[in-house]
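Student: Can you keep this structure in mind? I'll have questions shortly.
The values are calculated or read from the model by the stated rules, or taken from the named source; none is laboratory data. Predicted model only: the values in this text are computed from it and were never measured. Please note: Cβ atoms are built from the backbone with ideal geometry, for glycine as well, and neighbour counts cover all protein chains shown.
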Amino acid sequence: MRKENESGKRPAKKRRNRRRTLIVLGTAAALVLGVILFAWTTRITEVTVTGSSRYTDEELISMIFTEDKDWNTIYAVYQDKFREHKDIPFIEKYHVSVTGLHSAKITVYEKSLAGCIEYMGTYMYFDKDGIIVESSGERTPSVPLVTGLRFESIVMYEKLTVEDEGIFGEILNLSQLLERYEIQVDKLSFDNAGNVDIYVGGIRVVLGSNQYMAEKISEFHDMYPQISSLSGILYLNEYAPDALNPSYPFIQN
């Protein structure tokens with residue numbers, strides 16, 4: 001009798017163990033399904049952008065979030081860490097960080113541009129060392145157009161071959177001074193001797209050599225409000241730091 005009772009209990013115990021296993025597996029499957037469903041449906045709805053001066057926030061967002069899956073929160077993390085980033089003109093690199101279940105932040109690092117030259121209908125942008133880092137059919141107003149440079153060839157991501165490589169340092173210095181004084185120029189024009197003129201609207205400013213360049217730009221900054229609505233030539237090439245009452249000729253067109 002005892003053996004019969006024991007043999008009758010074993011199937012019941014097996015059934016209970018099987019039910020427990022099924023419950024555990026079912027719970028685990030439900031959890032996994034829930035996680036997958038959560039990850040699939042959680043989407044970014046708010047994006048902030050920092051570090052961009054060449055593009056609006058909306059333009060950058062549209063260039064980075066190009067597909068529907070890009071808006072998925074989990075995929076955004078994966079894509080930023082493990083996938084190749086999109087190639088955006090004038091942008092060195094960018095980073096997308098998820099700041100919440102439905103929010104993200106784009107941090108942009110722009111290429112450092114000293115100037116651009118026009119070549120066969122295309123604007124070729126170069127950095128402080130004279131290396132061509134970008135090309136575009138459109139002109140970026142914040143980067144000065146440089147004329148008067150004599151070069152043998154232009155190759156992307158290679159240095160411009162010019163007679164005087166020191167000219168790039170002068171261009172960078174002048175660009176930084178103009179940026180400091182918030183002067184947006186249309187063009188920098190160099191002659192064979194390295195003298196430079198800048199063009200701002202209808203005004204041509206003759207700066208001459210790079211000597212006392214910071215002082216010349218400061219003088220122009222102070223004078224510009226009085227002549228900004230005019231058209232003509234301002235001569236600052238004879239700047240003298242020790243002049244008591246300096247006067248610089250402005251010949252109006």
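Student: Would you confirm, using the coordinates I've provided, whether Val143 is free of Cβ contacts under 8 Å to residues at least 40 places away in the same chain, surrounded by 13 or more Cβ atoms within 10 Å (Cβ to Cβ) and not hydroxyl-bearing (Ser, Thr, Tyr)? I'd like the intermediate steps shown before the answer.
Tutor: Values: free of Cβ contacts under 8 Å to residues at least 40 places away in the same chain: yes; surrounded by 13 or more Cβ atoms within 10 Å (Cβ to Cβ): yes; not hydroxyl-bearing (Ser, Thr, Tyr): yes.
The answer is yes for Val143.
Student: Mind listing just one residue for me: the one in the stretch 186-202 that is within 30 Å of the chain's Cα centre (by Cα) and hydrophobic (A, V, I, L, M, F, W, C) and, of those, nearest to Arg150 (Cα to Cα)?
Tutor: Applying the filter and picking the extreme gives Phe190.
Student: If Glu182 meets every condition in (1) surrounded by 12 or more Cβ atoms within 10 Å (Cβ to Cβ); (2) under 30 Å from the mean Cα position of the chain (by Cα) apart from one, which number is that one?
Tutor: Of (1) surrounded by 12 or more Cβ atoms within 10 Å (Cβ to Cβ); (2) under 30 Å from the mean Cα position of the chain (by Cα), only one is false for Glu182: (1).
Student: Can Ser229 be described as assigned to a loop (DSSP other than H, G, I, E, B), among the polar types (S, T, N, Q) and over 21 Å from Ser142 (Cα atoms)?
Tutor: So Ser229 does not fit the description; no.
Student: For Leu207, are the conditions met, namely being more than 18 Å from Val146 (Cβ to Cβ), in the same structural domain as Arg180 (by TED's automatic domain parsing) and of a type in the set (A, V, I, L, M, F, W, C)?
Tutor: no
Student: Is the stretch 121-133 home to any residue that is loosely packed, with under 13 Cβ neighbours inside 10 Å and outside the structural domain of Leu60 (by TED's automatic domain parsing)?
Tutor: We begin by selecting, within the stretch 121-133, every residue loosely packed, with under 13 Cβ neighbours inside 10 Å; these are 121.
Still in the running and outside the structural domain of Leu60 (by TED's automatic domain parsing): 121.
Yes, because at least one residue in the stretch 121-133 is loosely packed, with under 13 Cβ neighbours inside 10 Å and outside the structural domain of Leu60 (by TED's automatic domain parsing).
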